[in-house]
Amino acid sequence: MTLYINSCVRSDSRTNKIAKAVLDKMGDHTDLYLPTENIRPLTEEMLNRRTALLNAGQYDDEMFRYARQFANADNIVISAPFWDVSFPSILKVYIENIYAIGIVSIYGTNGMPIGLCKAENLIYVTTAGGQYIPDFSCGYIKALAENCFGIKNTKLIKAEMLDIEGIDADKILSETVDNISNMVL
C-alpha cells in the first residue's frame with residue numbers, strides 16, 4: 001500500500017496535481033489529507049501520555065495510528081508546496097506526531113536511530129514559485145527517512161520558477177507530469 005501524505009491546503013494546488021500523476025503511476029494508495037486531520041502540535045500533557053504509552057509498549061493506542069500507518073506503508077508519497085523556504089507547518093506537526101520510538105524507529109546501542117519502517121521508497125513532490133532550495137524541505141525529509149525511519153530511497157519531484165514573470169508555468173507543470181514515468185522509483 002502506498003501512503004499519500006498530502007499537505008497541500010489549496011484546492012487547486014499545483015503540487016497536488018503533480019502528486020496525483022505520480023500516484024496514477026504507482027497504483028492503489030491511501031490518502032491522508034493533513035489539513036482535515038486532527039493533528040496538533042504536542043503539548044506537555046500529550047508528550048507525557050505518549051512517553052507513558054511508549055514505555056508500556058502500548059503501540060496500539062489511537063495516539064499512534066498515524067505512526068503505525070506510516071511505518072506499515074510499502075511506499076510513501078508526500079506532497080508539500082515550497083512555502084517560505086520550507087513546507088507547510090502541518091507536515092512538521094505530522095512528523096512530530098509519527099516519531100514514536102518503538103513504531104517508526106528504535107535507538108541502537110550507540111544512541112542513533114534505527115528505522116523500523118517497511119517502505120523502501122519515499123517520493124517528495126513539491127512546487128515553487130521561484131527557485132527551489134531543498135535544504136529545509138526535502139533535505140530534511142530525506143534525512144529523517146534515510147537516517148531515522150529506515151527508508152532507503154528518497155526521490156524528489158519538483159516544478160520550480162512557476163511564478164516568475166515571463167515563464168510558462170503551465171508548460172513547466174506539463175513537462176514535469178510528462179516526465180513522471182522517468183522519475184518514479
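No value in this document is a laboratory result; all are computed from the given coordinates. Everything quoted here is computed from the prediction, not taken from an experiment. As a convention, Cβ positions derive from the backbone with ideal geometry for all residues, glycine included, and neighbour counts pool all protein chains shown.
What the table shows:
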item	result
Unit charges at the beta carbon, dipole of the range 2-183: most positive-side option, MET183, PRO113, LEU156	PRO113
Cleavage-rule hits, trypsin sites (Lys or Arg not before Pro), the range 30-133, DSSP coil, Cβ neighbours within 10 Å at most 16	LYS118
Gaussian network model of the chain, Cα within-10 Å springs - most flexible of ILE141, ILE157, ILE39	ILE39
Per-peptide average of other Cβ atoms within 10 Å, ordering 17-24, 177-184 highest first	17-24, 177-184
Student exercise, the range 2-183 dipole from Lys, Arg, Asp, Glu Cβ charges, in Debye to nearest 20	380
FRET efficiency for ASP178 and ILE106, using Cβ-Cβ distance with R0 set to 41 Å, rounded to 0.05	0.50
Gain upon complete extension [ALA52, PHE136; 0.36 nm per residue less C-alpha separation]	27.1 nm
Mean residue ellipticity (222 nm) of the chain, computed from DSSP H runs ≥ 4 via -39,500 (n - 2.57), nearest 500	-10000 deg cm²/dmol
The range 2-183 - percent relative contact order, Cα under 8 Å, separation 6 or more	23
Trypsin sites (Lys or Arg not before Pro) within the range 121-161: DSSP coil, no more than 16 neighbouring Cβ in 10 Å	LYS152
Chain lengthening between ASN153 and MET1 when straightened (0.36 nm per residue, less Cα-Cα)	53.1 nm
Most mobile listed residue (SER137, SER13, SER174) in the chain, GNM with C-alpha springs under 10 Å	SER174
Chymotrypsin sites (Phe, Trp or Tyr not before Pro) within the range 3-103, DSSP loop, no more than 16 other Cβ atoms inside 10 Å	TYR59
Among ASN110, ASN38, ASN16, residue whose mean-square fluctuation peaks in a GNM of the chain (springs only between Cα atoms under 10 Å)	ASN110
Linear extension gain, ALA143 paired with LEU42, 0.36 nm per residue minus alpha-carbon span	34.2 nm
Per principal axis, descending, Cα span of the chain in whole Å	58, 31, 30
